[in-house]
Amino acid sequence: MSASEWHSHIREGKKVGRKEDRRDLPSRRPTFLPSYLPTFVFVTLVFLLGPRLALAAAGSARETLRQGNRLYGDGQFTEAIRRYDEVLVEQPRTPEPKFNKANSFYRLDDLGEAMDLYRQVAVESKDMALVAKAKYNLGNCFFQRGTRQRDSNLQKALEDMETSITHWRQVLDLEPRNPKAAKNIEVARLTIKDLLDQMKKQQEQQDPNQPNPSQQPQPQDQGQQQPQAQQDPNQPQDPNQPQPAESPSDPNEPQPQPQPEEGQQEQPQQMQTQPDAKAQEIIDTEQRQKKEREMLRQRGPYRPVEKDW
């Protein structure tokens with residue numbers, strides 16, 4: 001269409017832009033901008049939802065921990081361990097479920113697993129009250145294992161008793177007024193003394209330089225010796241109750257004492273029968289420290305001196 005024809009159409013009032021004429025008009029296709037806005041919105045949502053998701057996960061872990069504690073209280077220790085494992089998957093650095101899991105293994109009589117977990121809690125936890133409980137329960141584990149070994153291997157039983165005292169002393173370093181740790185040390189000390197007496201008797205019975213053996217009292221058979229080895233009214237305090245999500249320093253819960261395994265084995269021929277000098281040293285050291293603790297209690301609580309500057 002020429003310019004003259006165009007102006008003629010306008011003067012006559014005719015419509016312009018028929019199908020054959022629209023190709024001459026400028027294009028009005030929309031222009032698309034890069035999609036920065038959706039990406040920005042997505043990133044913003046992630047940052048906004050991140051803290052909420054973390055809080056939701058923490059709340060879920062606390063509820064799972066409570067479920068495990070309830071199962072523990074009902075005596076369902078295997079199920080409790082599964083709940084504690086679920087918490088540890090979400091929060092692997094949280095010491096409370098690991099401590100509760102160790103208590104469950106203790107109640108299931110799996111001292112090896114319990115010891116490993118108590119050691120981890122004692123090393124990883126920044127809560128010194130929880131560290132003290134882990135060390136306290138470590139002492140309990142070694143005492144129980146030593147009690148079971150006294151009828152099969154006196155030397156190993158003696159070593160475990162020494163180790164239990166070491167852990168309970170560490171508890172007193174953290175909590176000097178912990179009455180249970182102090183009592184357990186006294187129980188272990190008496191047990192060590194009894195073990196030393198047993199070892200001395202065995203040495204005398206096996207000594208070839210004894211006078212006429214016919215004049216010596218004959219040793220009792222093992223069936224008669226077992227009650228004497230097991231009749232110990234003193235037992236250490238038991239592990240703490242599970243740690244709840246809110247207050248890891250709840251009081252301890254008394255628990256029944258695991259009994260020694262039935263069925264005894266003969267003493268091995270190569271078993272060491274000499275009294276352990278280290279065990280005797282532990283007894284002497286503990287008696288001295290006991291006197292020192294009594295003197296400190298008589299002095300009363302420590303009062304800091306006021307500075308004059």
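Quick notes on this one:
- Pairs, first over 12 Å from residue 72 (Cβ atoms) in segment 88-107, second buried (at least 22 other Cβ atoms within 10 Å of the Cβ) and of a type outside the set (A, V, I, L, M, F, W, C), C-beta under 7 Å, six or more apart: 88/97; 88/98; 96/243
Yes/no matrix, rows are residues, columns are (1) surrounded by fewer than 24 Cβ atoms within 10 Å (Cβ to Cβ); (2) among the hydroxyl-bearing types (Ser, Thr, Tyr); (3) at pLDDT 95 or above:
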site	(1), (2), (3)
82	yes, no, yes
91	yes, no, no
121	no, no, yes
133	no, no, yes
136	no, yes, yes
161	no, no, yes
181	no, no, yes
184	no, no, yes
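- Residue check, residue 129 in contact (Cβ under 8 Å) with a residue 12 or more places away in the chain, buried (at least 18 other Cβ atoms within 10 Å of the Cβ) and assigned to a helix (DSSP H, G or I): no
- Filter result (part of a helix (DSSP H, G or I), over 8 Å from the mean Cα position of the chain (by Cα) and under 15 Å from residue 65 (Cβ atoms)) within segment 84-126: 84, 85, 86, 87, 88, 89, 90, 104
- In segment 161-180, the count of residues that are out of contact with any helix residue (DSSP H, G or I) (no Cβ under 6 Å at 6 or more places or on another chain) and under 26 Å from residue 81 (Cβ atoms) is one or more.
- Scanning segment 64-83 for residues being free of Cβ contacts under 8 Å to residues at least 60 places away in the same chain, part of a helix (DSSP H, G or I) and either over 26 Å from residue 148 (Cβ atoms) or out of contact with any helix residue (DSSP H, G or I) (no Cβ under 6 Å at 6 or more places or on another chain) (or both) gives a total of 8.
The values are calculated or read from the model by the stated rules, or taken from the named source; none is laboratory data. Nothing here was measured: the structure is a model prediction, and the numbers come from that model. For neighbour counting, all protein chains shown are included, and Cβ atoms are generated from backbone atoms with ideal geometry for every residue, glycine included.
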